[in-house]
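These notes are about the structure you will find just below.
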2 protein chains.
Amino acid sequence: MNDPRIQELIEFVRFPSVSAQSEHGPDLRACADWLVGKLGRMGLEVRLVATAGHPVVLGKTPGDPSKRTVLIYGHYDVQPAEPLEAWTSAPFDPQIRDGRIFGRGSTDNKGQILAHILGVEEALLAGTLPVNVIFLIEGEEEVGSRNLGDFLKTHRDELACDVIAISDTGMAADGYPTLSYALRGIAAMEVRVFGPSHDLHSGVYGGAVANPATAAARLIASLHDAGGRVLIEGFYDAVRPMDTWEREAAAASPLKDADIATQAGVTVLAGEKGYSAVERIGARPTAEINGIGGGYQGEGSKTVLPAEAFFKVTFRLVPDQKPDEILALAEKHFLKHCPPGIRLEIERGHGGEPFHLDPNGKYGLAARRALEKVFGKSPALTREGGSIPILVDFQKTLGRDSLLLALASPDCRAHAPDENFPLANFFAGIRLNRSLLEELAAC
Amino acid sequence: MNDPRIQELIEFVRFPSVSAQSEHGPDLRACADWLVGKLGRMGLEVRLVATAGHPVVLGKTPGDPSKRTVLIYGHYDVQPAEPLEAWTSAPFDPQIRDGRIFGRGSTDNKGQILAHILGVEEALLAGTLPVNVIFLIEGEEEVGSRNLGDFLKTHRDELACDVIAISDTGMAADGYPTLSYALRGIAAMEVRVFGPSHDLHSGVYGGAVANPATAAARLIASLHDAGGRVLIEGFYDAVRPMDTWEREAAAASPLKDADIATQAGVTVLAGEKGYSAVERIGARPTAEINGIGGGYQGEGSKTVLPAEAFFKVTFRLVPDQKPDEILALAEKHFLKHCPPGIRLEIERGHGGEPFHLDPNGKYGLAARRALEKVFGKSPALTREGGSIPILVDFQKTLGRDSLLLALASPDCRAHAPDENFPLANFFAGIRLNRSLLEELAAC
C-alpha cells in the first residue's frame, strides 16, 4: 500500500474528470495538469495542448533518430459516476480492497495508461528505454474523442511514429493475455418524443391523446424483432460476415458465454439468433437503449399523461458500417414509425467507425511475444465489443496501426458502479510496457 | 382581491398537501386543521378523524330531523406538483392572474369544496339553510381514497343522508352547466424490470444481455395494437357498450373533439378506432403510461446497459370492469410477454370501480334544475374520464347516489403545472351550493 506507484494511482483516480458533464471542466483541467507534472518530472518534453474541448496531454521522451518511435495513447477522462448510491465506496475517493483499487476510471483508463507511464519511467531511470515514446493522453474519449481527429491532423508531424500501443480493452479471462484485433464502432442518438403541450390528467384526457411515453416505448420496440435482430431497414447491408477462422478463434477463446453471463449477473443470455454471446459482442452490430425517461418518476402514483419522453440509444457497429449512414437509417426508421399526434426531435450524437487489424503483421507478432513473455502463455486473439473511435483516425491520419493490449479484468465494471482495477494488472501492465517496447525495438 | 372569500381560498391552496409524498404528512395535517377551524367557526360540529393514512375532516350542521340531509364530499389532498420548473408561479404560492387563482389543488379540489363550504356559511348566516349538511373532506383522494371505504363502514350511522353532492368533475365547456352521470374507474400498477445484476458497459456486453429498458419498452408496446385497442386478453370482456342515447348525448355535448385537442395542445387526436374523443375519454377503458425510467438520464451520452427500468401504468375502467380483475389480467399479460433474461416485480396499486347514475331520478332532476338556475341553461349530461373511486363506496355502504356538479373549467390543468381555478367558477360554485340545497330540500 505504501508503494509510491499505488499512491500515484490513487491521486490520479481521485480527479472527477467526467467529460460528459460540463460542471467537471475544472476537474479535467486539474487532472491534465497532474499528468503534465508527472511526465515532466520523468524528463519528458511535455505540453498541454488546448482543443475546442478538453486539452490533450502530449509528452515525448528525448528523441533518438536511430530508434523506432512508439506512440502510447490513453485518456484521462472518465464516464459519469451515476448512480452514486450504487457504489460501495465513493467513486472519486479511491479505496484499496481485496487487491483492487475501486473508483471511477480506475480501469478505464487511468490504471492502464499509468502502467505504461510507469514502465517508461522505470526504463528511463535504468537508462534502457529501447524506443522513443510519445504519450498522447486525451480528455474526451468517453464523449467520442470529438476533437482528437482534428488534433491528429494539426499535429501530424509531431506524432510521426512507427506503431501505436493502447491498453483500453478487456482480457478474455482474468490474467489471460489478450490481443484485440477488432473493436466495434459506435453511433449515438437521443430521441425526444413530444405529445400534448403540457402534462395532462390521464383520466380527463387518457384514451384520446397520444401518450409520448407509450410512443417512445413503441419506437424502441420497433428496433428489434423477437429474435434480437435489428429491424432498421438497411442496418446490416454493410456488415462483413465473420471469417471461418474468426468463428473458430471466438469458439477457442477462454472467454465463454457462461463467463459473460456470470460477469453480467444474469442466468440467461439474450441477443441475435445464430451467434454465440462472444460473437454477438465482438462481431455483430447492436441497437442498445442507454437511458429512457418520461412522466412521473417519484414515489407512488401520479395519474398524468406526460407531455414528453426521451430515450438515448447507441448503435455498436462492425466493419464496414459507417456511423453517419447508420444514424441516417435510424432517423428515417424513427420518423417512419412515429405515430400521429407525436413529434420527434432527433439529436445525432458522437460516432466512431469500427476498427480491424491483421494480428499476424510484424508489430502484431511482437505484441503477441511481449504478452506471452509477461503472462506466460500464448495470448487470445479477440474482437472487442467496445469502441475506441480514434483508432480509425490513427490509421487514416498517421497511417499507423494500433496494438490493443488488454489490461482490464473481465469483472472490472468499467462504466458501472464499483469500477475497479486489480493491482496485479497494474503491475503486470508496467512489466508489459517494458517487454513490449523491447519487442517493438527488436522486431 | 380583498374579498375575504378569495383570501380564504389562497390560504387553503397554500398548504402543500401532497398525499403521494410521505414527507408532506405534516402539511396534510396542517391543512386538515385549517378546515376544522373554518367549519368550527361556522358553527358546525366538527371533528378530525384519524385513519390509517391521512385524517378525515367531518363536519355537521346542527341537526334538524324535519329536514333532508345532504352529504357534501371533497378532498383536501392534492397531486404532486412536479415538474416544478414548468410552473409560471410556484405551485404552493397561489397567485391571482387573469381572473384565476393559480396553484396546485386550486381546482382539484380545494376551490370547489371551499365554494360549497362558503355557500353553507352564507345560508347559515342568513338563517336559511334548507337541509342538514354533512361535510366529509378526506386527505387521500389522489392516492385512491384507500382508507375512506373503511371509514364509511365505521361511521355509517353518522353519515346517514339522503343524497351526496360532489364538485370534482369538469364542465363540458367553459361556464357550461354540467351534470356528470358516469366516471371511469381506475387500477394502478408499477412494473419494475430487472436484467443484469449491475449496470453494464453497452459495448462490452451489448448484444448478448437482455436490456431492461428495451424490455420495458417492449412490454409497454405490447399493451396496444396499432388502432389503439388494448391487447390484454380479456380486457374488454366486462365492458358495457354505450346505449344509443348515450352516443347521441356525447355527440350533442358542447365539448367537441376539437376542444379536447385545443385543451391538450395537440393538432391530432389519437386513440381507439370507432369512437369519438369524447367517447374514448368517457366511455372506453384505457391503459396509460404515467411514468417510465431507466438507465442514464443526465446530460450527454453514457454507454450503459442499465440493470433496471420501470414503468407506471394506470388503467381507466368503465362499467362493469373490476379493478382487481383488470390488474390480474395485466399482470398475467406482462408475465407472459416478459422476455428471457428479464425478471419483473409487479406492484399492484390503488383501484376504484367505475361509477354510473341515472340522471333522470328525483335528485338528478333537482340537480339539473339548480344548475340551470345558476348558469341559465340546461346542463349537459356527460360521462367523465377521471375517477372518484369513493362514489362506488357511497352507493354500497351508504346506499346513496352521488350528484356530480362540475365546477372545473376545461382548461384548469388539474394534475399538471399551472393548475388554476377561475374566480367566476368559485363564486358560481357558492351560488350553486345554495340553489342545489334548496332544490334538494324541495324535491
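Cut-off 10 angstrom, C-alpha nodes, Gaussian network model of chain B. Which of B:ALA226, B:ALA367, B:ALA217 fluctuates the most?
Looking only at B:ALA226, B:ALA367, B:ALA217, the biggest GNM fluctuation is shown by B:ALA226.
Among A:SER22, A:SER253, which comes first, then next, by fewest other beta-carbon atoms within 10 Å? Write out the running numbers ahead of the final one.
Numbers: A:SER22 9, A:SER253 21.
Starting with the residue having the fewest Cβ neighbours, the order is A:SER22, A:SER253.
Per residue of B:383-390, count partner chain C-beta atoms within 10 Å of its C-beta, then hand back the mean as an integer. Don't skip to the answer; put the middle values down first.
Working: counts 0, 2, 8, 7, 3, 1, 0, 0.
Per residue, the number of nearby Cβ atoms from other chains is 3 on average.
Take the alpha carbon gyration tensor of segment A:84-196, find the square roots of its eigenvalues, order them as a ≥ b ≥ c, and report rounded if a/c is under 1.5; if not, report prolate when a/b exceeds b/c, else oblate.
On the way: a/c = 2.03, a/b = 1.22, b/c = 1.66.
In terms of gyration-tensor shape, oblate.
For segment B:77-159, with only Lys/Arg (+1) and Asp/Glu (-1) charged at the beta-carbon, what is the dipole magnitude about the Cα centre, in debye rounded to 20?
Details: 7 positive and 15 negative charges, 34 e Å.
Result for segment B:77-159 is approximately 160 debye, rounded to the nearest 20.
What does the charge dipole of segment B:5-99 about its Cα centre add up to, to the nearest 20 debye, if the Cβ of each Lys and Arg holds +1 and the Cβ of each Asp and Glu holds -1? List each step's numbers first, then the result.
Details: 10 positive and 12 negative charges, 126 e Å.
It comes to approximately 600 debye.
Shape verdict for segment A:24-163, please, from the Cα gyration tensor: rounded (a/c under 1.5), prolate (a/b greater than b/c) or oblate. Kindly include the intermediate steps, with their values, before the conclusion.
Working: a/c = 2.38, a/b = 1.43, b/c = 1.66.
The shape class here is oblate.
Rank the residues A:ARG348, B:ARG41 as a footprinting-exposure proxy: fewest other Cβ atoms within 10 Å of their Cβ go first. It would help to have the intermediate numbers written out before the result.
On the way: A:ARG348 15, B:ARG41 10.
In increasing order of surrounding Cβ atoms, one gets B:ARG41, A:ARG348.
Go through A:LEU159, A:PRO83, A:THR107 and say which Cα lies farthest out towards the positive end of the charge dipole of segment A:81-168; charges sit on Cβ, +1 for Lys and Arg, -1 for Asp and Glu.
It is A:THR107, whose Cα lies furthest towards the positive end.
What does DSSP give for the protein assembly as shown in terms of the percent of beta bridges that are antiparallel, rounded to the nearest 5?
Details: 101 of 143 bridges.
Percent antiparallel among DSSP bridges in the protein assembly as shown is about 70.
Over 24 Å between Cα atoms, which of A:LYS312/A:LYS336; A:LYS312/A:LYS396; B:LYS312/B:LYS332; A:LYS60/A:LYS377 qualify?
Working: A:LYS312/A:LYS336 18 Å; A:LYS312/A:LYS396 29 Å; B:LYS312/B:LYS332 16 Å; A:LYS60/A:LYS377 32 Å.
Over 24 Å apart, Cα to Cα: A:LYS312/A:LYS396; A:LYS60/A:LYS377.
Taking the Cα centre of segment B:176-241 as origin and charging only Cβ (+1 Lys, Arg; -1 Asp, Glu), how large is the dipole, in debye to the nearest 20?
Working: 5 positive and 5 negative charges, 35 e Å.
In debye, rounded to 20, segment B:176-241 gives about 160.
Can you compute 3J(HN,Hα) from phi for each residue in segment A:139-147, using the Karplus curve 6.51 cos²θ - 1.76 cosθ + 1.60 with θ = phi - 60°, rounded to whole Hz and x for Gly and Pro?
Once θ is set to phi - 60°, the couplings for segment A:139-147 become x, 9, 5, 7, 10, x, 6, 5, 10 Hz.
Taking the Cα centre of segment A:336-443 as the origin and placing charges on Cβ (Lys, Arg +1; Asp, Glu -1), which of A:PRO389, A:ASN433, A:GLY361 is farthest toward the positive end of the dipole?
So the residue furthest toward the plus end is A:GLY361.
So for A:ASP358, A:ASP27, A:ASP108, A:ASP93, fewest C-beta neighbours within 10 Å to most, what's the order? Provide the component values of the computation, followed by the final result.
Numbers: A:ASP358 9, A:ASP27 19, A:ASP108 28, A:ASP93 13.
Neighbour counts put them in this order, fewest first: A:ASP358, A:ASP93, A:ASP27, A:ASP108.
Just in segment B:106-204: which GluC sites (Glu not before Pro) are loop by DSSP and have at most 14 other Cβ atoms within 10 Å? If you can, show how the numbers build up before the last one.
On the way: sites: B:GLU121, B:GLU122, B:GLU138, B:GLU140, B:GLU141, B:GLU142, B:GLU158, B:GLU190; in loops: B:GLU140, B:GLU158.
Counting only loop positions with at most 14 other Cβ atoms within 10 Å, the GluC sites (Glu not before Pro) in segment B:106-204 are B:GLU158.
Please compute, for peptide A:309-315, the average count of beta-carbon atoms on other protein chains lying within 10 Å of each residue's beta-carbon.
Numbers: counts 4, 2, 7, 10, 4, 8, 1.
Mean number of neighbouring Cβ atoms from other chains: 5.
Tell me whether segment B:1-82 comes out rounded, prolate or oblate; compute the Cα gyration tensor, take square roots of the eigenvalues as a ≥ b ≥ c, and use a/c under 1.5 as the rounded threshold.
On the way: a/c = 2.33, a/b = 1.41, b/c = 1.66.
The shape class here is oblate.
In nm, give the distance between the simple-model label positions of A:GLU248 and A:LYS273, each being 7 Å from the Cα along the Cα-to-Cβ direction.
Once both label points are built, they end up 2.9 nm from each other.
Just tell me, in residue order, which DSSP H segments of chain B are both 27 angstrom or longer along the helix axis (alpha-carbon based) and at least 0.5 in mean Kyte-Doolittle hydropathy. Provide the component values of the computation, followed by the final result.
On the way: long enough: B:423-442 (29 Å, 0.61).
Length and hydropathy pass: B:423-442.
Stretched out fully, how many nm does the piece from B:LYS362 to B:ARG29 gain, at 0.36 nm a residue minus the Cα gap?
Working: separation 333, 0.36 × 333 = 119.88 nm, distance 3.78 nm.
So the extension gain works out to 116.1 nm.
Any read-out appearing in this document is the output of simple, stated calculations on the displayed coordinates, not a laboratory observation. Remember, it's a predicted structure, so these values are computed and weren't measured experimentally. In this analysis, Cβ positions are derived from the backbone assuming ideal geometry, glycine residues included, and neighbour counts consider all displayed protein chains.
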